[in-house]
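See below for the structure under consideration.
The values are calculated or read from the model by the stated rules, or taken from the named source; none is laboratory data. Please read these numbers as outputs of a predicted model, since none were measured by experiment. Glycine gets a Cβ as well: all are built from the backbone with ideal geometry, and neighbour counts include every protein chain shown.
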Amino acid sequence: MKLKIRKNLALIDQHDKNFMYGGKFGGNFIPETLKKPVDDLTNLFAKLRKDKKFLKERDHYFKTYVGTPTPFIKLDNLTDHLGGAQIYAKVVSEANGGAHKIYNATVHCLIAKKAKKKYIVGDTGAGYAGKMLSMAAKKFGLKCKIFMGAKDIKRQRPNVEAIKKNGAEIVSVTTGSQTLVDAVSECMRYWVSNCDTTHMCVGSTVGPNIFIKICAWSTAQISRELFSQVEEEFGKIPRKLKLINCVGGGSSAAGFWNAFMNTTAEFIGVEAGGPKNSRLHAAPLTNGSKIGILHGAAQYVIQDKEGQIGSTESISAGLDYPGISPLHCFLKDTKRARYTSANDEEALSAYKLVSRLENISPSLEPSHAFAEAIKLAPKLDSTEVIIVNSCGDSIKDKDIIKERLGSYTR
């Protein structure tokens, strides 16, 4: 069956009555103990997203706390250096805290307050989701607990320090690969036992359907801003427009593309290809992974020969996830978006070039997207426009960059 995008329907609402996108992806594959809290949250969000008072409150905090709109700039030096297409960046890293995760964290804290919960828990890989949730929890007077893989705690030290500074507790996850996938699992287990008093914020567009919807609904602010900024820059939406975004769980890409669904813009998602000449990666869409169930949702997921969740590897903690949002599985199968990957070395080279030529310093996650832009731009002409979502700041990666490139400048 050929899957289709239903026009005039928001991306997050493209699912059927069973919360499946295209009848294949998503759903709520959860234990019975989670059914009531998931149903309660689903019903609450359905009301809040139509509540004018809540929307006004959200927009107020997006403007005064998150710091919207974030800049939209032309990368003149990179454009001149590469030749070909015009290259722009949506500098979402200028949002409060340095990454797109602040949108989702802010909305979840507002929902937690409406649900009269005093505690909030969340998962994190790169540390940005945890950092932003700890910031927002402090802002809104909630007690916060962050689950993070032991491996990621070591490689994302600046964000770990920020989380602690904001007064949140970090739970080190030592099971499995000790990365994001295990942090999400442990966070969900904790919520099962504490859902009466605690709200859970899933850090990306993964998990049971309601968490996918809340996250993508939150980050959609990015594309609403960008749509207006592009119209102001060009007078209209360019016919030859490419929107390039890194993809791990998929939250920044879903938000970056949302407002452009009914335009001719081409969506390009860039997964983590892992180390050069390694068989390990974190790119299920690029490498033909099969459909499986992970964290309560059906999706393309990296698996071993026995069908168990497979091992991944990436220099980028925020992309180091074996699955991918059901939204992106749906976009791939409908051919609305295409997906590729960049390896660790390509991401590092892209970081080095962009930070040298321009006044931005992307984290290793969006450096994967810049790597694709660097490959693509010289093959195009000046009538074509590339926009990269620079969704995170490199400060969190300074230790890795210094180790791999010999120095770090910001």
message: Please pick out the residue among Ser341, Ser382 that is closer than 29 Å to Ser311 by Cβ, touching a residue at least 24 places away in the same chain (Cβ under 8 Å) and not in a helix (DSSP H, G or I).
response: Ser341
query: Which is under 21 Å from Thr219 (Cβ atoms), within 22 Å of the chain's Cα centre (by Cα) and surrounded by fewer than 22 Cβ atoms within 10 Å (Cβ to Cβ), of Ile386, Ile360?
result: Ile360
query: So Tyr128 clears everything in (1) surrounded by fewer than 21 Cβ atoms within 10 Å (Cβ to Cβ); (2) farther than 24 Å from Ser193 by Cα except one condition, right? Which one?
result: (1)
- request: For region 83-92, indicate whether the set of residues that are surrounded by 13 or more Cβ atoms within 10 Å (Cβ to Cβ), within 27 Å of Ser355 (Cα to Cα), touching a Cys at 6+ places or on another chain (Cβ under 6 Å) and at pLDDT 95 or above is non-empty.
  value: yes
query: If you take the residues of region 295-309 that are crowded, with 23+ Cβ neighbours inside 10 Å and among the aliphatic types (A, V, I, L, M), which of them is nearest to Leu327 (Cα to Cα)?
result: Ala297
query: Among the residues of region 316-357, which ones are β-branched (Val, Ile, Thr) and either within 16 Å of the chain's Cα centre (by Cα) or more than 21 Å from Ala99 (Cα to Cα) (or both)?
result: Ile324, Thr334, Thr340
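Results for (1) closer than 21 Å to Ile111 by Cβ; (2) among the acidic types (Asp, Glu); (3) in contact with a Leu (Cβ under 9 Å, 6 or more places away or on another chain); (4) at pLDDT below 95, shown as yes or no for each residue.
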| residue | (1), (2), (3), (4) |
| --- | --- |
| Lys154 | no, no, no, yes |
| Asn159 | no, no, no, yes |
| Lys165 | no, no, no, no |
| Ala168 | yes, no, yes, no |
| Val173 | no, no, no, no |
| Ser177 | no, no, no, yes |
| Ser193 | yes, no, no, yes |
| Thr205 | yes, no, yes, no |
| Cys215 | yes, no, no, no |
- prompt: Is at least one residue of region 286-294 surrounded by fewer than 24 Cβ atoms within 10 Å (Cβ to Cβ), in contact with a strand residue (DSSP E or B) (Cβ under 8 Å, 6 or more places away or on another chain), free of Cβ contacts under 8 Å to residues at least 40 places away in the same chain and outside any loop (DSSP other than H, G, I, E, B)?
  reply: yes
- request: Name the one entry in Tyr408, Tyr321 that is without any contact (Cβ under 8 Å) to a residue 24 or more places away in the chain, hydroxyl-bearing (Ser, Thr, Tyr) and part of a loop (DSSP other than H, G, I, E, B).
  value: Tyr408
- prompt: What about Ile244, is it closer than 13 Å to Ala369 by Cα, in contact with a Lys or Arg (Cβ under 9 Å, 6 or more places away or on another chain) and in a strand (DSSP E or B)?
  reply: no
task: Can you give me the number of residues within region 93-104 that are part of a helix (DSSP H, G or I), crowded, with 24+ Cβ neighbours inside 10 Å and either within 12 Å of the chain's Cα centre (by Cα) or free of Cβ contacts under 8 Å to residues at least 60 places away in the same chain (or both)?
output: 4
message: Any residue at all in region 55-76 that's within 24 Å of Leu294 (Cα to Cα) and in contact (Cβ under 8 Å) with a residue 60 or more places away in the chain?
response: no
- prompt: Counting only residues that are among the small types (Gly, Ala, Ser) and in a helix (DSSP H, G or I), which one in region 363-379 is surrounded by the most Cβ atoms within 10 Å (Cβ to Cβ)?
  reply: Ser367
message: Please verify whether Gly269 is on the phi < 0 side of the Ramachandran plot, free of Cβ contacts under 8 Å to residues at least 40 places away in the same chain, of a type outside the set (Lys, Arg) and in a strand (DSSP E or B), treating the condition exactly as stated.
response: no
task: Could you check Ala89 against (1) touching a strand residue (DSSP E or B) at 6+ places or on another chain (Cβ under 9 Å); (2) assigned to a helix (DSSP H, G or I) and say which number it fails?
output: (2)
- request: Would you mind finding the one in Lys36, Lys2, Lys17 that is assigned to a helix (DSSP H, G or I) and exposed (fewer than 12 other Cβ atoms within 10 Å of the Cβ)?
  value: Lys36
statement: Selection from region 20-33 of residues among the charged types (D, E, K, R) and part of a loop (DSSP other than H, G, I, E, B) yields Lys24
message: Could you check region 40-71 and list, in sequence order, the residues that are among the basic types (Lys, Arg) and assigned to a loop (DSSP other than H, G, I, E, B)?
response: Arg49, Lys50
